[in-house]
1. Considering only the stretch 63-117, state which residues are more than 23 Å from Gln130 (Cα to Cα), acidic (Asp, Glu) and in a helix (DSSP H, G or I).
2. Filter the stretch 208-252 down to the residues that are touching a Phe, Trp or Tyr at 6+ places or on another chain (Cβ under 8 Å), at pLDDT 90 or above and farther than 19 Å from Ala179 by Cα and list them by number.
3. Are there any pairs, at least 6 apart or on different chains, whose C-beta atoms fall under 7 Å, with the first in the stretch 200-216 and in contact (Cβ under 8 Å) with a residue 60 or more places away in the chain and the second among the hydroxyl-bearing types (Ser, Thr, Tyr) and in a loop (DSSP other than H, G, I, E, B), and if so, which?
4. From the set of residues in the stretch 210-260 that are at positive phi and not polar (S, T, N, Q), which is surrounded by the most Cβ atoms within 10 Å (Cβ to Cβ)?
5. Could you check the stretch 180-190 and list, in sequence order, the residues that are farther than 15 Å from Tyr253 by Cα and either in contact (Cβ under 8 Å) with a residue 40 or more places away in the chain or buried (at least 18 other Cβ atoms within 10 Å of the Cβ) (or both)?
6. Name the residue that is nearest to Ala137 (Cα to Cα), counting only residues in the stretch 218-260 that are part of a loop (DSSP other than H, G, I, E, B) and among the small types (Gly, Ala, Ser).
Amino acid sequence: MGDFFKNVMVPAITVVTALLAAWVNYSVSTVKSDLDLQKVKLEEQQASLNKLTTERNLRKFDEDLTFRVYDAVITSLKANDAKQQQAASALVIVMAEEPLRTQLLQVFDKAQTTAPEVRMEVAKVLATEQRFQQEEATAKSAAAIKATSSSAGPGWGEWDVDVFWCQKSGEPAHKNADAIVAALQKDGAKGRLRARILPDSINAQPGYRVSGYAIRRDPGEEERAAALKAVAERALPSTTFDILPAGRATRWYLSAFICP
């Protein structure tokens, strides 16, 4: 009986125990995998919910901001108060987005209760921005034409370059922009080279908000951007230009900014 228990029962119990342990481990592993999968799904659902909540909050914020800007304009015009109108027009320039931005500025330009000095300033902003947009249209049109050919050629070739100087930086920045244009011409650039003002009202809008010294380029334009940086820094000693992505997709076109 002792031999039977030793030779048969003990091995059988050992096998059963091992099988039970294996089954328990498998069950625990399966349950853990299921729990991990459920956790991942819950985290994905929570992330999606957070994203929706953020987007909803941003939309609400934009809607509230739009209403507040609009309300500030109407209130200032009804009050017939020049200081309120100046504050409201500044709010429109900095905070409102197109097309509402231009529409609200045109309200100031046309309303009978607009103070003369505010009307004059708004008209100046609208005229400056219209001229700027016309220049932008010229740049985009030329880039579209050159995108269908290889007319720019090696080196500078027919590359177009706009050197912007910020309105707030004044005449010294204007002279620096002219110096870079002259340096490009001396370096062999034969495309459309322009020193252009960057109006404060434009620079306040998303997509601009430039400060300091910068060169903006599209993907694939790294070599010419580096060449422009070298020319600009030779023209303006002790000045360093940062090279930044443009996000405009205008082929054969580079822009530099002088906004100290």
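The values are calculated or read from the model by the stated rules, or taken from the named source; none is laboratory data. These figures come from a predicted structure and were not determined experimentally. Note that each Cβ is placed from the backbone with ideal geometry, even for glycine, and that neighbours are counted across all protein chains shown.
1. Glu63, Asp64, Asp71, listed by residue number.
2. Val210
3. Ile202/Tyr208
4. Among residues in the stretch 210-260 that are at positive phi and not polar (S, T, N, Q), the one surrounded by the most Cβ atoms within 10 Å (Cβ to Cβ) is Trp252.
5. Selection gives Ile180, Ala182, Ala183, Asp187.
6. Filtering the stretch 218-260 down to residues part of a loop (DSSP other than H, G, I, E, B) leaves 218-221, 236-241, 246-252, 260.
Of the ones still in play, those that are also among the small types (Gly, Ala, Ser) are 220, 238, 246-247, 249.
Working: Gly220: 22, Ser238: 33, Ala246: 16, Gly247: 16, Ala249: 13 Å.
Per the stated criteria, the residue is Ala249.
Listed here are the residues, each with its yes/no results for (1) within 18 Å of the chain's Cα centre (by Cα); (2) closer than 12 Å to Asp162 by Cα; (3) outside the structural domain of Ala96 (by TED's automatic domain parsing).
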site: Gly212; (1), (2), (3): yes, no, yes
site: Ile215; (1), (2), (3): yes, yes, yes
site: Ala227; (1), (2), (3): no, no, yes
site: Asp242; (1), (2), (3): yes, no, yes
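So that you can scan it fast, the table gives a plain yes or no per residue for (1) within 21 Å of Ala96 (Cβ to Cβ); (2) modelled with pLDDT of 90 or more:
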residue	(1), (2)
Ser141	no, no
Ala152	no, no
Asp187	no, yes
Arg192	no, yes
Asn203	yes, yes
